[in-house]
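Before any comments, here is the structure.
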Amino acid sequence: MPIIESEFMQLTAGLDPETFWAENDACEAFTTDKPRCAVSFSPDDHWLFEFMQVPSTLRYYQDKAYRDQLHREANRVTQQYVGRMFFDEDTWVSSPRRIENLFGSEFSYTENATPWLTHVTNDPDEFATLLDRAQAADVQSWALPEAYLREWEERKARGLPLPRLGEGSRGPATIMTSVLQPETVFFWMYDHPDLMRRFRDILARKMVELNRALRAFSGNTDAGWWITDDNSALFNRKLYREYCFPVLEQVLAAMAPPGSRRYQHSDSSMGHLLDQQRELGINSVNYGPEVDAGLIREKLPEAIVNGHTPPLLLRNGSPDEIQARVVSDFQKAGATGGLIVTTAGSLAAGTGVGRMRWLMQLVQDHCRYDRAA
């Protein structure tokens, strides 16, 4: 059975999701000339598995019909209680290749888990050979497997909507620590710095090549870029500046010219890197819950703060505890109109629709610009 918390359903008995989302559409701009803060939710596969008590994660990833049916069932519940559907009900079987694949990293699938990218080697000589191959690769012809091209043409012939590709990816910190074990990454930065700088430089060039190819194939001319980089906090300021900043600088220059959206998500505690994030022109952020909302607003005054409710607080906290945090974050980061209330990091698995409704209710009542809170 889906998670529907009765206490929170009672607290939100008067909430009308349809009216809420109609108002929400007018609340996303960075301005105080709007009714209130906006709210957003981004439930993922981790959340879905617990919400729907999925018996087999392997079947979910391997069986399109099963996956689509689960999505329909989850959408029916969230539409009823929250007023939104979050999952694609006609999922793709195949996908474009990822930048990690270029360096030899592939997904591993195990039961009761989400896919995990495998580490490629602990041998610097072997990794140098992998870098040779990546550098020489014709990314444009490599990016789209035959199975994906066939599925694209089949969907196109049926008149189905086709995705815009090349809009974002994981960031360099997480890419590096997926291709190589995290310990190896940092040991080699000191023991084999030339090798790791070469990795950095090839990564930057190939990320641009790959996503330009994806954009050209899908006819995507929209500027902007999103970054998901959960492992950013593993890097201190010096190492981030040397190994991550140059990659993001090059990718953002190619994909997100000034004035376009530059979004960074990281579940991690990366408050020590906010000055560099501002230098990169990051203008929409979703950081981990340990990063204070006031610090984000201080360091990134022109960025939209997507947050900043701790996901475990929303999942486990009392109504009063959640309310206190929402009000505090609004006071710290919402005064100038640049706050979209959501979880600081991912929506935690185990969070039910009652608690999602409670977050909506709190914002509707306490995060307004059109009347005193």
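Looking at Thr121, Thr114, just one residue is in a loop (DSSP other than H, G, I, E, B) and either within 20 Å of Tyr61 (Cβ to Cβ) or among the hydrophobic types (A, V, I, L, M, F, W, C) (or both), and that residue is Thr114.
When you look at Arg205, is it closer than 18 Å to Gly166 by Cα, among the basic types (Lys, Arg) and within 20 Å of the chain's Cα centre (by Cα), yes or no? Judged against the criteria, Arg205 is not a match. From the list Asp63, Asp44, Asp88, Asp25, which one is acidic (Asp, Glu), surrounded by fewer than 16 Cβ atoms within 10 Å (Cβ to Cβ) and in contact (Cβ under 8 Å) with a residue 40 or more places away in the chain? Asp44 is the lone residue from the list that is acidic (Asp, Glu), surrounded by fewer than 16 Cβ atoms within 10 Å (Cβ to Cβ) and in contact (Cβ under 8 Å) with a residue 40 or more places away in the chain. The helices (runs of 4 or more DSSP H) falling completely within the range 311-373 that include 3 or more residues that are over 23 Å from the mean Cα position of the chain (by Cα) and over 16 Å from Arg297 (Cα atoms) map to 319-333, 353-366. Screening Asp292, Asp365 for residues that are farther than 21 Å from Asp229 by Cβ and acidic (Asp, Glu) leaves exactly one candidate, Asp365. Restricting Gly281, Gly294, Gly350 to residues that are in contact with a helix residue (DSSP H, G or I) (Cβ under 9 Å, 6 or more places away or on another chain) and either under 21 Å from Thr12 (Cβ atoms) or crowded, with 23+ Cβ neighbours inside 10 Å (or both) narrows the list to Gly350. With the condition kept exactly as written, say whether any residue in the range 9-18 is under 24 Å from the mean Cα position of the chain (by Cα), closer than 19 Å to Met360 by Cα and free of Cβ contacts under 8 Å to residues at least 60 places away in the same chain. Within the range 9-18 (the criterion being under 24 Å from the mean Cα position of the chain (by Cα), closer than 19 Å to Met360 by Cα and free of Cβ contacts under 8 Å to residues at least 60 places away in the same chain), the answer is no, since none of the residues qualifies.
In the range 93-107, of all residues being in a loop (DSSP other than H, G, I, E, B) and touching a Ser or Thr at 6+ places or on another chain (Cβ under 7 Å), the one that is surrounded by the fewest Cβ atoms within 10 Å (Cβ to Cβ) corresponds to Glu106. When Trp226 is tested against (1) closer than 25 Å to Met189 by Cα; (2) touching a strand residue (DSSP E or B) at 6+ places or on another chain (Cβ under 7 Å); (3) not aliphatic (A, V, I, L, M), exactly one condition is not met: (1).
Just one of the numbered conditions (1) of a type outside the set (D, E, K, R); (2) surrounded by fewer than 21 Cβ atoms within 10 Å (Cβ to Cβ); (3) in contact with a Leu (Cβ under 9 Å, 6 or more places away or on another chain); (4) in a helix (DSSP H, G or I) is not true of Ala253: (3). Applying the criterion of being in a helix (DSSP H, G or I) and touching a residue at least 24 places away in the same chain (Cβ under 8 Å) to the residues of the range 136-149, the residue that is surrounded by the most Cβ atoms within 10 Å (Cβ to Cβ) is Val139.
Entry remark, the range 263-299: residues being of a type outside the set (Lys, Arg), under 24 Å from Ala324 (Cα atoms) and in a helix (DSSP H, G or I) number 6 in total. Applying the criterion of at least 2 residues that are over 23 Å from Met356 (Cα atoms) to the helices (runs of 4 or more DSSP H) found wholly in the range 29-92 leaves 57-62, 64-81.
When the range 1-28 is filtered for residues that are part of a loop (DSSP other than H, G, I, E, B), in contact with a Pro (Cβ under 9 Å, 6 or more places away or on another chain) and within 21 Å of Trp358 (Cβ to Cβ), only Cys27 remains. Can you name the residue in the range 335-353 that is of a type in the set (Gly, Ala, Ser) and touching a strand residue (DSSP E or B) at 6+ places or on another chain (Cβ under 8 Å) and is also nearest to Asp292 (Cα to Cα) among such residues? The selected residue is Ala344. Output yes when any residue across the range 265-272 is at pLDDT 95 or above, at negative phi and charged (D, E, K, R), and no when none is. The answer is no, given that none of the residues of the range 265-272 is at pLDDT 95 or above, at negative phi and charged (D, E, K, R).
Among residues of the range 211-233 that are within 19 Å of Trp152 (Cβ to Cβ) and free of Cβ contacts under 8 Å to residues at least 12 places away in the same chain, those with a beta-carbon under 9 Å from a residue that is buried (at least 17 other Cβ atoms within 10 Å of the Cβ) and of a type in the set (D, E, K, R) at least six positions away or on a different chain give the pairs Thr221/Arg215. Can Val54 be described as under 29 Å from Thr177 (Cβ atoms), touching a Gly at 6+ places or on another chain (Cβ under 6 Å) and surrounded by 13 or more Cβ atoms within 10 Å (Cβ to Cβ)? No; evaluated as a whole, the condition is false for this residue. For Thr12, state whether it is in contact with a helix residue (DSSP H, G or I) (Cβ under 7 Å, 6 or more places away or on another chain), among the hydroxyl-bearing types (Ser, Thr, Tyr) and within 20 Å of Tyr81 (Cβ to Cβ). Spelling it out, Thr12 is indeed in contact with a helix residue (DSSP H, G or I) (Cβ under 7 Å, 6 or more places away or on another chain), among the hydroxyl-bearing types (Ser, Thr, Tyr) and within 20 Å of Tyr81 (Cβ to Cβ).
Restricting attention to the range 117-135, and to residues there that are closer than 14 Å to Ser178 by Cβ and out of contact with any Phe, Trp or Tyr (no Cβ under 7 Å at 6 or more places or on another chain), which single residue is surrounded by the fewest Cβ atoms within 10 Å (Cβ to Cβ)? Top of the filtered list is Thr118.
The values are calculated or read from the model by the stated rules, or taken from the named source; none is laboratory data. These figures come from a predicted structure and were not determined experimentally. When we count neighbours, we look across all protein chains shown, and the Cβ atoms used for this are built from the backbone with ideal geometry, even at glycine.
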